[in-house]
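The next block holds one structure in the form of structure tokens; read it before the comments.
The values are calculated or read from the model by the stated rules, or taken from the named source; none is laboratory data. Everything quoted here is computed from the prediction, not taken from an experiment. All Cβ positions, even for glycine, are placed from backbone atoms using ideal geometry, and neighbour counts span all protein chains on display. Accessible surface areas use protein heavy atoms only, side chains included; no ligands, DNA or RNA. Shrake-Rupley method; radii C 1.70, N 1.55, O 1.52, S 1.80 Å.
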Amino acid sequence: QERMPQTPPFAAMFDSSGYSRNLYQSKEDNCGGLYYHDNNLLSGSLEALIQHLVPNIDYYPDRTYIFTFLLSSRLFMHPYELMAKVCHLCIEQQRLSEPGLDKNRIRKIAPKILQLLTEWTETFPYDFRDERMMRNLKELAQRIASGDEMYRKNVQQLLQNLIRKLATVSQYEEVLAKINATSTDRLTVLKTKPQSIQRDIITVCNDPYALAQQLTHIELERLNYIGPEEFVQAFVQKDPLDNDKSCYRDRKKTQNLEAYVEWFNRLSYLVATEICMPVKKKHRARVIEYFIDVARECFNIGNFNSLMAIISGMNMSPVSRLKKTWAKVRTAKFDILEHQMDPSSNFYNYRTALRGATQRSLTAHSNREKIVIPFFSLLIKDIYFLNEGCANRLPNGHVNFEKFWELAKQVSEFMTWKQVECPFERDRKILQYLLTVPVFSDDALYLASYESESPENHIEKDRWKTLR
């Protein structure tokens, strides 16, 4: 059995100069609707790009091309339409539908087609939550398997892996729904019962380092479930060349990305709630100092998303207005963290720290040093601006592939980060608290804040009256 060219891991797909776009290309420049410059594919007609994805006996597409095209093609067509075309081309060009199939021919092409299907199912498994995708996949896989017994095992393996992956995702989504229901129920309890029975975070976990580790667990788990395509699907627009197609975008397509953004908001509100709840000033100051330590540990771990959520919770106005409380806090450490995450010059300091963490993760010997959890909403914003800043198509109707190399480069860096296994032990009690303890709404935060330190001016006094 011929072996496929081995595909490098995600991190290796990019060399320092950008994309290694010619790993195993054997097609000449500017052929059949594809336009190259210095061996780099810059643009092409949609048809030519699809053709470029399909392997034949002498050719297998470069892996960076497969990832980039599968990622960006959904801006032009549904994945199931692409899958149908790929299957059709494979069957036609390799004459897989003919009754007397040549065993030798099958042995040459089957490993390549299987390899392509493996890359698609492993990198973009969520595409296969669509029945139409599954049908096409099974049909093509059956053709290969029926042509030669030795591929039947490979085909079964591929389908089993995919089905297992999709089952895990469904479980995760059910767990998320349960967690959200629990915290909503608890909030109702919180409103009806006095604050005294509320546990606080320091009683649950008095070690800032342990809390930072458990936050990292939540971050890595949620990061891991985001499909790379969710970044692109978040801003799918109508393709100007398709008059009849309505915008391809349904809620299901970006829900893991949205759940992750919701987690950031929850953590910010949790921090603000924990600070505003204690009645005594010195307790509030202690909670602030505790969270400053947690944030610092997050920074050291490389967990920038939790770090930013904690800082933004401390900067919410119900918290920042507590001047007497802050007067009791040693703020030097907080100032350093704020400086690190300072938004000026397009988050220059944070980007420098992120680069440092990324370098560390590339040379890491342990999972502990591999952790890079980016400040997520900034990552989305960067990808959004990259998408907005360039047209998807060139004036001649070609797909602007240069733009999609850049997009794929950013997303594949994220792919490397999301694959890190969390090295810390799980603490169920702390995780349970972080995920389900009720948090105050904006109004409840202001109310608690005014009750701790009374309103200072007319605006605050009026607001307090309204809230009461």
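How much net charge surrounds Glu149 when only the other residues with a Cβ under 12 Å from the Cβ of Glu149 are counted, with Lys and Arg +1 and Asp and Glu -1? Combined, the nearby Lys, Arg, Asp and Glu give +3.
I'd like to compare 214-226, 130-142, 49-61: which one has the highest average count of other Cβ atoms within 10 Å, and what's the full order after that?
Values: 214-226: 21.6, 130-142: 16.7, 49-61: 18.2.
Descending mean neighbour count gives 214-226, 49-61, 130-142.
Each residue of segment 341-353 was assigned a 3J(HN,Hα) from its phi angle through the Karplus curve 6.51 cos²θ - 1.76 cosθ + 1.60 (θ = phi - 60°); the sequence is 9, 4, x, 5, 6, 6, 6, 4, 5, 4, 4, 5, 5 Hz, with glycine and proline shown as x. What base-10 log of the normalised intensity I(q)/I(0) is obtained for segment 347-468 from the Debye formula, alpha carbons as equal point scatterers, at q = 0.14, 0.16, 0.19 Å⁻¹? With one equal scatterer per Cα and no solvent, log10 I(q)/I(0) is -0.88, -0.94, -1.05.
I need the calculated FRET efficiency for the pair Lys333 and Arg360, taking r as the beta carbon distance and R₀ as 25 Å, to the nearest 0.05. Kindly include the intermediate steps, with their values, before the conclusion.
Working: r = 22 Å, r/R0 = 0.87.
Here the calculated transfer efficiency is 0.70.
In this simple spin-label model, placing a label point 7 Å from the Cα along the Cα-to-Cβ direction at both Glu122 and Asn265 gives a separation of 3.6 nm. Label sites at Gln142 and Tyr209, each approximated as a point 7 angstrom past Cα along Cα to Cβ, lie 5.8 nm apart.
Taking Cβ atoms as reference points and 13 Å as the exclusive limit, the residues near Leu159 contribute a net charge of +4, counting Lys and Arg as +1 and Asp and Glu as -1.
Beta carbons within 10 angstrom, averaged per residue: use that to sort the peptides 326-333, 434-441, highest first.
Numbers: 326-333: 12.9, 434-441: 19.2.
Put in order of decreasing packing, that is 434-441, 326-333.
Computing FRET efficiency as 1/(1 + (r/R0)^6) for Asn161 and Val279, where r is the C-beta to C-beta distance and R0 is 56 Å, gives about 0.55.
A simple rule links phi to the HN-Hα coupling: the Karplus curve 6.51 cos²θ - 1.76 cosθ + 1.60 with θ = phi - 60°, which for segment 53-60 gives 7, 8, x, 9, 4, 9, 9, 9 Hz, with x for Gly and Pro. The figure for Cys390 is an accessible area of roughly 60 square angstrom, using a 1.4 Å probe on the protein chains alone.
Under the simplified labelling scheme, the Asn104-Glu258 pair shows an inter-label distance of 5.6 nm, with each label point 7 Å from Cα along Cα→Cβ.
Within the P(r) computed for segment 276-349, what percentage of the Cα pairs occupies the region above 19 Å? Within segment 276-349, distances greater than 19 Å cover 33 percent of Cα pairs. Toward the positive end of the charge dipole of segment 34-163, with +1 on the Cβ of Lys and Arg and -1 on the Cβ of Asp and Glu, the farthest Cα among Tyr126, His52, Ala145 is that of Ala145. In order along segment 435-450, the phi-based Karplus estimate (6.51 cos²θ - 1.76 cosθ + 1.60, θ = phi - 60°) of 3J(HN,Hα) comes to 8, 10, 4, x, 10, 6, 7, 3, 4, 5, 5, 4, 4, 4, 5, 5 Hz; Gly and Pro are listed as x.
With the full set of protein chains in place, find how many percent of the accessible area of segment 34-163 is carbon and sulfur; take the probe as 1.4 Å. Intermediate results must be reported in sequence, preceding the final value.
Numbers: 2350 of 5180 Å².
On segment 34-163, the fraction of accessible area on carbon and sulfur atoms equals 45 percent.
How much length is gained if the chain between Ser320 and Gln410 is pulled fully straight, taking 0.36 nm per residue apart and subtracting their Cα-Cα distance, in nm to one decimal? The partial results should precede the final answer.
Values: separation 90, 0.36 × 90 = 32.40 nm, distance 3.49 nm.
Full-extension gain reported as 28.9 nm.
Say R0 is 41 Å: what FRET efficiency, to the nearest 0.05, do Arg152 and His78 get from their beta-carbon distance? All intermediate terms of the calculation are to be shown ahead of the outcome.
Details: r = 29 Å, r/R0 = 0.72.
Efficiency for this residue pair is about 0.90.
Put simply, the amide H of Asn400, placed in the peptide plane, has neighbours under 5 Å in Arg393, Leu394, leaving out anything fewer than 5 places away on its chain.
Computed with a 1.4 Å probe over protein heavy atoms only, the accessible area of Glu460 comes to about 30 Å².
By the Stokes-Einstein formula, at 1.306 mPa s and 10 °C, segment 34-163 with its Kirkwood radius over alpha-carbon pairs has D equal to 104 µm²/s.
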